[in-house]
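Inspection log for the structure reproduced underneath, given as C-alpha cells.
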Amino acid sequence: MMASIRIALMSIRLVMRTKAALFFTFLFPLLFLFVYLGFFARGNPDADLYYFGAVVTLTIMGSGFWGLGMQSVMQRERGSLRRYRLAPIGPGSMVLSSLLANYLLGLPTIALLVVCAMGFFHMPLRFSLLTLLVLVTAGTFAFAGFGLTISSIANTMQEAQVYNNVIWFGLLFLSGVTVPLPMLPQWIQRFAAFLPATYLVTSFQAIMVKRESLFDLGAELLALLVSGTFGLLFAWKLFRWEKEERISRRAKLLSVTFIIPFLVMGTWMNAHRGLGAWEETFSLMSRPPLAAGQHAAPADGNLLEDFENSQET
Amino acid sequence: MSNHNNGAVVRVEGLSKRYGDIEALRGITFQILPGEVFGLLGPNGAGKTTTIEILEGLRQPDSGSVTVCGMAPAQEPAALKERIGAQLQATVLPDKIRVEEALELFASFYQHSASIEMLLERFGLAEKRRSFFEKLSGGQKQRLALALALVNDPELVLLDEPTVGLDAQLRRDIYALIEQFRAEGRTTLLTTHYIEEAERLCDRVAILDRGRVITLGTPRDLVESSGHGTRLEVRLAKPVLPSRLMQLDAVMDCREAEGRYFLHAQPPAPAVAALVRFLEAEGNALLDLHIAQPTLEDVFVEMTGRRIGD
C-alpha cells in the first residue's frame, strides 16, 4: 500500500512538471465548461446544473481513457516499467498507484470546475458537495477501471488509441454527455441504457437538477462500483511490465466482461424502469427560469419545443 | 549485509530458454561464489542478458534449475528482490524525475535501504541531485542506474553490460566502482562483451557463445590454458612467405594480412631471437614489432573460430 501511495505521489509530481499534462488535466475541462455553460445553458440555472453534470462526466471519462488509458501503455513502450519490476513491488501496487494518482489529480480539477461554474456562470449550489464527491469517486473508480483495462490489453500506443477513440466517441455521442438523451431517438436512448457514461451523467444531473440523493441512485452507483472493480481486477491480472509480452486474444475478450453490470442495468432499465427519469430531468432543465413567487408547471411533453423556447428566453 | 559463506550465492544448472525458433540458452551451468566478481563474456546474442534476466526473475527458463541467494527467483520474487540489486542494460526512468527523487522512491520500496546521501556522493551524483533524468549525460544515467542497484544495500549485484556506449574514461570510472563492490564483500555478476573489462574486473569468467558455456575459469587460467601463446605483430622491409616464419623456433602459427605478419609464439623470447637471426640471414629488416599477451579474445577465437566482435 505504501509503495502505491509513493508511486502515486511521484506520478502527481511528474504531471505537475509537464506542461501538456497540466493543460489536459486542469485547463482542458475548463474549455468544456465554458462551451457548455456559456453556449448551451445561457444563464438558465437549471441548465447550468444540467450541463455541469455533462462537463464533470467528460472530465472523469477523459482522465480514465486518455490519462490512465494511455499512460501505462506509454510507460511500457518506453521501458520505464522494467525498472520498477526489479523492485519488490507487484502489479497490484502499480495499478493501485495509477488509480490513486488519477483520483487525487481529479479532485482539484472538479473543485476548479465548481468554483468556475459558480464564479463565471453563477451556477447555484443546489446540491450537496458530499454527494458530488461520492459520485465523482464512483465515476472515477469505474472509468479508471476501463482505462486501465484498455492499457492492459492494448499491445501498443496505436492500438490503445484505436480502442479509446472507438469507445470514447461512442460514449460521447450516445450517452447524453454531448446531446441530451431525450433529444435522441427512442432506440438510441434504449441503447444508451447499456452505456456506463449514461449512468454517470444522468446521476450527476439527477443530484443537481432534481436534487436526488445517493439513495435514489443506488442502482447506478452499484453498477459503477461493480464495473470499476471488474476493470481493476482485470487490469491487475493482465498487467504487463514489458512491451514484448503479448496478450492473448482470449484474455482481451475476457476483459470485456467488465461491462456486464451495464448490460444488466440496461436490460433492467429498458424492461422495468423506463427512460422517464431522464426525460423528467431534461424537462426541468429546459423550463425558463422561474420568477420570484412563480411555481413550476408540469411538463407537457414537448421537450424539444420547451428546450428551444428556453434558449430564446 | 550477509553473505553465503558456506555455499554458492548463485547456482545455475542445465538452464535452457527458447524464444520461438531461437535457442537463447542451451543447458548452461555455473556457480557464483560469495564475494567474487563473476563475468559472463560473449558476443551479442550469446545469451548473457537472458541469463541475467532469469536470475533477476524477469524471465522464466524453459528448463533447468536456478537458485539465487538460496531462493528460486520464480517462487520467491519479492523476498529475492530485497537481497539483490540489478542494473539493466538500459535503464529508463520518467524524464521529469530528479536524481534524488529516483533514489528516494526506489529506496522506499525496500525494507532496508542504503543512505541516499552516501549513494549520491559515492556515484558522483551529488551535484546532480536536483537534475531531471532527461538532462543527465549517458555516463550520469549509467551511474544513477548503478546507484539504484545499490539502493537496498544488496548482497548480490547483477550488472548487465554496465559500460556499453561509454567512453574510455567513463568506463574506467565504472570499473573503479565495481572494484569497490568486491572490496565491500558483495558478490557481483557482470555481463560484458568487452575483453578488457572481463580481464580487469572478474575473478572468474564464463565465456558464452550461442547459448552455451564454452569455457569457465579465472582469466589467467583460461589464457594460460589456451594454446595461442603470445602474439607478435611484425612489419618487414621485404615480403616473406608465412610458411617460412612458421618454421622459426617457438612459433606456433603465422598469418599475413595487408603487409603485416601475425605470429603466435610460446615462449615469445626465443621466437623474437629466431626472427631477428632469420631476417639478418635473408638480408631483410624488421620495421616494426609489437608484442601482445594472449587475451580472452584469443581463447574465444581458439574455441569458436570467430572473434567476439564478429
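A short reminder: the numbers here are calculations on the coordinates, not readings from a lab. Given the structure is predicted, the values throughout are model-derived calculations rather than measurements. Every residue, glycine as well, gets a Cβ built from its backbone with ideal geometry; the counts of neighbours run over all protein chains shown.
Across region B:10-224, the convex hull enclosing all Cα atoms gives 119 Å³ per residue.
Considering only DSSP states other than H, G, I, E and B, which trypsin sites (Lys or Arg not before Pro) in region B:90-134 qualify as loop sites with at most 12 other Cβ atoms within 10 Å? If you can, show how the numbers build up before the last one.
Numbers: sites: B:96, B:98, B:122, B:128, B:129, B:130; in loops: B:96, B:129, B:130.
The qualifying sites are B:130.
Find how many whole Å separate the alpha carbon centroid of region A:154-183 from the alpha carbon centroid of region B:140-155. Centre-to-centre distance over Cα atoms comes out at 43 Å.
The charge dipole of region A:1-94, taken about the Cα centre with unit charges on the Cβ atoms of Lys, Arg (+1) and Asp, Glu (-1), comes to about 720 debye, rounded to the nearest 20.
What FRET efficiency do you get for residue B:184 and residue B:237 if R0 is 56 Å and r is their Cβ-Cβ distance, rounded to the nearest 0.05? Efficiency, from the Cβ-Cβ distance: 0.55. Summarising the strand pairing of the protein assembly as shown, around 70 percent of its internal DSSP beta bridges are antiparallel. Neighbouring Cβ atoms from other chains, within 10 Å of the Cβ of residues in A:9-18, number 3 on average. Between the listed residues A:31, A:41, A:3, the Cα displaced farthest toward the positive end of the dipole of region A:1-78, a dipole computed from Cβ unit charges relative to the Cα centre, is found at A:3. With coordinates expressed along the principal axes, the C-alpha atoms belonging to chain A extend over 68, 42, 32 Å, beginning with the largest.
The charge dipole of region B:10-224, taken about its Cα centre with unit charges on the Cβ atoms of Lys, Arg (+1), Asp and Glu (-1) only, comes to about 240 debye. For region A:120-249, the alpha carbon convex hull comes to 145 Å³ per residue, rounded to a whole number. Shown for A:58, A:37: other C-beta atoms within 10 Å of each C-beta, ranked fewest to most, produce the order A:58, A:37.
For region A:241-279, GluC sites (Glu not before Pro) are listed when DSSP marks them as loop and at most 15 other Cβ atoms sit within 10 Å of their Cβ; the list is A:242, A:244, A:245. Legend: ranking of residues A:212, B:258, B:280 from fewest to most surrounding C-beta atoms inside 10 Å; resulting order B:258, B:280, A:212.
The loop-placed trypsin sites (Lys or Arg not before Pro) in region A:216-261, going by DSSP, that have at most 15 neighbouring Cβ atoms within 10 Å of their Cβ come out as A:246.
Full extension from residue A:252 to residue A:237: what is 0.36 nm times the residue separation minus their Cα-Cα distance, to one decimal in nm?
Numbers: separation 15, 0.36 × 15 = 5.40 nm, distance 1.16 nm.
Gain on stretching residue A:252 to residue A:237: 4.2 nm.
Only beta bridges with both residues in chain B are counted; by DSSP, about 70 percent of them are antiparallel.
Per-residue ellipticity at 222 nm, computed for the protein assembly as shown from helices alone with -39500 (n - 2.57) per DSSP H run of at least four residues, works out to -15500 deg cm²/dmol.
Taking the number of Cβ atoms within 10 Å of each Cβ as an exposure proxy, the fewest-first ranking of A:201, B:37, B:92 is B:92, B:37, A:201. So for the protein assembly as shown, taking the charge dipole from beta-carbon charges (+1 Lys/Arg, -1 Asp/Glu), which of B:276, A:143, B:178 sits furthest toward the positive end? The listed residue farthest towards the positive side: A:143.
I'd like the FRET efficiency for residue A:190 and residue A:219, computed as 1/(1 + (r/R0)^6) with the beta carbon distance as r and R0 of 22 Å, rounded to 0.05.
On the way: r = 17 Å, r/R0 = 0.76.
Efficiency, rounded to the nearest 0.05: 0.85.
Ordering B:93, A:180, B:110 by the projection of their Cα atoms onto the charge dipole of the protein assembly as shown, which places +1 on the Cβ of Lys and Arg and -1 on the Cβ of Asp and Glu, puts A:180 at the extreme positive end.
Could you work out the mean count of beta carbons from other protein chains within 10 Å of each residue's beta carbon in A:78-84?
Values: counts 4, 5, 7, 1, 7, 12, 4.
That average works out to 6.
Relative to the current alpha-carbon distance between residue A:78 and residue A:280, full extension at 0.36 nm per residue lengthens the span by 67.8 nm. Here, P(r) means the percent of Cα pairs in each 10 Å bin from 0 to the largest distance; for region B:229-293 it is 24, 64, 12.
Mind checking Rg over Rh on the protein assembly as shown, alpha carbons, Kirkwood formula for Rh? Ratio of gyration radius to Kirkwood radius for the protein assembly as shown: 1.18.
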